[in-house]
Amino acid sequence: MFIQTEATPNPATLKFLPGKEVLLEGTADFRDADSARAASPLAGRLFDIPGVTGVFFGYDFITVSKDGPDWQHLKPAILGSIMEHFMSGVPVMAGQAAGGGGHHDDENEFFDKADAEIVVTIKELLDTRVRPAVAQDGGDITFRGYENGTVFLHMKGACAGCPSSTATLKHGIQNLLRHFVPEVQQVEQVS
């Protein structure tokens, strides 16, 4: 098994491409070892490596965030853990068939029913123009809400804590949404 790695705009996050599907649907974002172990054998295994502070699963990639140790010290342990996991045949997510599974964040959305048409347009723009580009950098951005001209987005994976995330949000995404949806005045990040 050959696992590729790619740098991300966030120096504390590295993207791993195992050459296999990681999650068939949705994404999974883990920021602490306890929730990771409960939801995913692979995420739990990665959190066992000292210095790992975050794990994010996309369709065909895994991003790992760290603190402290250099990547040259962490990378071999992470590569070994990913390889061992996929070779074992154990599913990525607990309670899922091997290799698949995921979850969506729709249950936490908020917006006025009168704005439903605007929200559909915003989500379509995010899904077709923003999320694919952000996935290339090892992250994801999901819609959280819309209220009084403000779009609320949640940044995950490499995007969470990235030094350039504010610029991406304010200059890239906000300008795109304002262009196509005149009702949008600003974009804010929520956790």
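The values are calculated or read from the model by the stated rules, or taken from the named source; none is laboratory data. Note that the structure is a prediction, hence the values are computed from the model and not measured. Cβ coordinates were reconstructed from backbone atoms using ideal geometry, including for glycine residues, and neighbour counts include every protein chain displayed. SASA here: full protein model, heavy atoms, side chains in, ligands and nucleic acids out. Shrake-Rupley method; radii C 1.70, N 1.55, O 1.52, S 1.80 Å.
Below, the figures for the structure above:
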| item | result |
| --- | --- |
| Residue 28 long-range amide H proximity, modeled H, under 5 Å | 57 |
| Rounded tilt (10° steps) of 71-88 against the dominant C-alpha axis of the chain | 80 degrees |
| Mean accessible surface per residue for segment 110-189, computed with a 1.4 Å probe while every protein chain stays in place, in Å² | 50 Å² |
| Eligible lysines near residue 170 by straight Cα distance, threshold 27 Å, same-chain separation 8 or greater | 15, 66, 113, 123, 156 |
| Karplus-derived 3J(HN,Hα), 6.51/-1.76/1.60, for each residue of segment 24-30, Hz, glycine and proline x | 6, 9, x, 9, 9, 10, 10 |
| Heavy-atom accessible surface of segment 147-190: percent carbon and sulfur, 1.4 Å | 50 percent |
| Interchain or long-range residues, amide H under 5 Å from residue 183's placed H | none |
| Accessible surface of segment 4-88, 1.4 Å probe, proportion on carbon and sulfur as whole % | 53 percent |
| Environment charge of residue 165, counting only residues whose C-beta is closer than 11 Å and scoring Lys/Arg +1, Asp/Glu -1 | +1 |
| Accessible area expressed per residue, segment 4-88, with surrounding protein chains retained (probe 1.4 Å, Å²) | 44 Å² |
| Karplus 3J(HN,Hα) series, Hz, for segment 113-130 with 6.51 cos²θ - 1.76 cosθ + 1.60 (x for Gly, Pro) | 4, 5, 9, 4, 5, 5, 4, 4, 5, 4, 5, 5, 4, 4, 5, 9, 10, 9 |
